[in-house]
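Novice: Below: one structure in structure tokens.
The values are calculated or read from the model by the stated rules, or taken from the named source; none is laboratory data. Keep in mind it's a predicted model, so treat the numbers as computed, not measured. Heads up, the Cβs are rebuilt from the backbone with ideal geometry, glycines too, and the neighbour counts pull from every protein chain shown. To get the accessible areas, we keep the full protein, side chains included, count just its heavy atoms, and leave off ligands, DNA and RNA. Shrake-Rupley method; radii C 1.70, N 1.55, O 1.52, S 1.80 Å.
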Amino acid sequence: MAARAALAEAKEKLHQAVMAQPDILRNAIEQTEATEASLQGVLQDQQGVAVALNRAAIGYQELARQAETDRALYESVLRQIKDTNLTKDVKTNAVSVIEHSPLPHSPVSPNPTKAIALGLIGGLAAGLAFVLGADMLDRTVKTVDQAEATLGLPVFAAVPETTDEGPVPRLKRRSRPLGSSNYRVVVEIPESPAAEAFRNLRAALSLLGPEVERKVSLFTSALPNEGKSFTSANYSLALAQQGYRVLLIDGDLRRPNMHRIFHFPESTKRNNSAEEDRAPGVMDCLVGEADLASAARPIPAGEIDIVTDKVATAGKILTSTGGQLSVLAGGRRAPNPAEILAGPFFSQLVAEAARLFDRVVIDSAPVLAVSDTLLMTSYVQTVCIVLRAAKTPRQVVRRAISLLAKSGIRPAGLVLNRLRRGRGVGYYYYYASHGYGAGEGSYSVSYDRRSRSDHKDNGAS
């Protein structure tokens with residue numbers, strides 16, 4: 001009973017104690033929260049104080065650095081004042097002599113020898129640069145080697161400038177206008193290098209193949225004023241001098257020139273009243289108004305032969321006989337030359353000419369100027385391109401060769417015309433020597449006098 005009473009009392013006290021704990025804990029929590037709030041306020045106050053201290057420290061550090069700077073400046077000023085007090089009574093000199101310079105025996109500048117040497121070297125370099133630059137910019141063909149290397153065709157002949165040959169020495173030539181060039185050099189000046197160049201051309205073309213495959217030759221050029229008519233006329237004369245019956249056809253229907261070279265009467269009148277006085281030509285044969293035999297005009301033997309009968313008889317020289325040159329001039333002008341050449345008439349004319357003559361030489365129009373030459377190439381066997389040295393551009397000649405190749409015939413070779421002889425022996429034609437054998441009377445009128453004198457000496461002995 002006592003134990004139960006004690007147990008009940010204990011439980012009652014325990015219950016009271018348990019019931020009193022929430023109030024106690026609540027009071028403790030409230031006290032703790034109050035303490036935390038007070039501590040939080042104190043912390044914020046301390047943080048503000050720390051920030052203020054940091055700001056004050058920044059200013060203090062700036063002042064400290066300024067003080068250190070002022071102290072260093074003060075010490076520097078003190079040192080300078082001391083140095084000034086020590087040296088104020090001493091005279092100083094800012095210049096000190098390290099070594100005395102020797103007196104030169106000659107002026108240092110200018111140096112004449114050095115200036116002359118540098119001037120010569122600079123002038124030589126500038127001259128070489130100018131020459132090389134001009135040569136690179138120059139696209140023309142100037143030498144035989146250059147023509148063969150750049151164009152891929154052989155050069156059959158290199159004809160020098162004929163204006164340097166001087167007056168024509170032959171008395172049997174016809175009178176020409178004052179200032180005219182030497183056109184028929186093979187006959188008029190046979191001892192000249194130009195005449196020898198055409199004899200080289202005659203020999204070169206004769207070695208191309210069998211005779212039946214080289215009867216009809218055509219001379220053309222890429223541009224006008226290259227010398228194709230000049231080459232055609234002299235080549236025809238050279239063939240006639242070798243004994244062939246040659247027909248020279250003026251195939252340049254736009255600008256015919258053979259009547260001027262061989263001094264035919266002018267036939268360019270365009271009025272109808274002069275038609276009956278005009279001599280027939282190529283165009284008359286093509287349109288069927290004249291035949292080849294009547295239209296071709298023979299050149300007198302005196303204008304072809306180099307050695308006259310008198311000299312040949314006195315000197316007992318064996319010359320080629322039977323040579324004859326006939327010229328088929330342009331005749332009247334055609335309104336449509338390209339259409340006429342495209343027809344069958346030109347082929348019939350060439351076939352008839354090859355049947356009547358041993359050699360047929362055609363002087364045609366420039367390839368790049370008109371299409372006439374391309375229409376003629378199908379009926380010829382040999383085509384030669386004439387180009388003027390130091391004038392005709394390389395690309396122009398390549399274009400002409402390409403057009404001829406597309407038409408079905410490749411040019412056999414080139415003729416380099418109007419080479420200047422004042423630029424060295426190699427510039428003209430390999431190792432050619434101008435005037436070789438001139439003093440011995442070859443191709444010269446002096447042979448007549450020498451042969452007569454030799455004949456008299458033999459008769460007297």
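Novice: With each pseudo-label sitting 7 Å past Cα toward Cβ, what's the ILE29-ASN85 distance in nm, one decimal?
Specialist: For ILE29 paired with ASN85, the spin-label model returns 8.2 nm.
Novice: Could you state how much accessible area SER217 has, in square angstrom rounded to the nearest 10, with a 1.4 Å probe and all protein chains kept in place?
Specialist: Estimated to the nearest 10 Å², SER217 gives 10 Å².
Novice: How much accessible area per residue does segment 1-141 have, in Å², with a 1.4 Å probe?
Specialist: Accessible surface, normalised per residue, equals 93 Å².
Novice: I'd like the FRET efficiency for THR140 and VAL212, computed as 1/(1 + (r/R0)^6) with the beta carbon distance as r and R0 of 45 Å, rounded to 0.05.
Specialist: About 0.75, to the nearest 0.05.
Novice: Taking H placed 1.01 Å from N in the peptide plane, check which residues at least 5 places from ARG297 or on another chain put their amide H under 5 Å from its amide H.
Specialist: Answer set, sorted by chain and number: VAL327, LEU328, ALA329.
Novice: So how do THR163, THR220 rank on accessible area, 1.4 Å probe, biggest first, that is with the largest at the start?
Specialist: Highest to lowest solvent-accessible surface, that is THR163, THR220.
Novice: Then there is this: Could you look at segment 38-153 and say what percent of its accessible area is carbon and sulfur, using a 1.4 Å probe and all protein chains?
Specialist: Answer for segment 38-153 is 64 percent, counting heavy atoms of protein chains only.
Novice: For segment 339-412, with all protein chains present and a 1.4 Å probe, just round the carbon and sulfur fraction of the accessible area to a whole percent.
Specialist: 53
Novice: Something else: Distances over 16 Å make up what percent of all Cα-Cα pairs in segment 14-103?
Specialist: Summing the P(r) tail past 16 Å for segment 14-103 gives 80 percent.
Novice: Still on this structure, please answer the following. Report the full-extension gain for the segment LYS114 to ASN54: residue separation times 0.36 nm, less the Cα-Cα distance, to one decimal in nm.
Specialist: Length difference between fully extended and current span is 13.9 nm.
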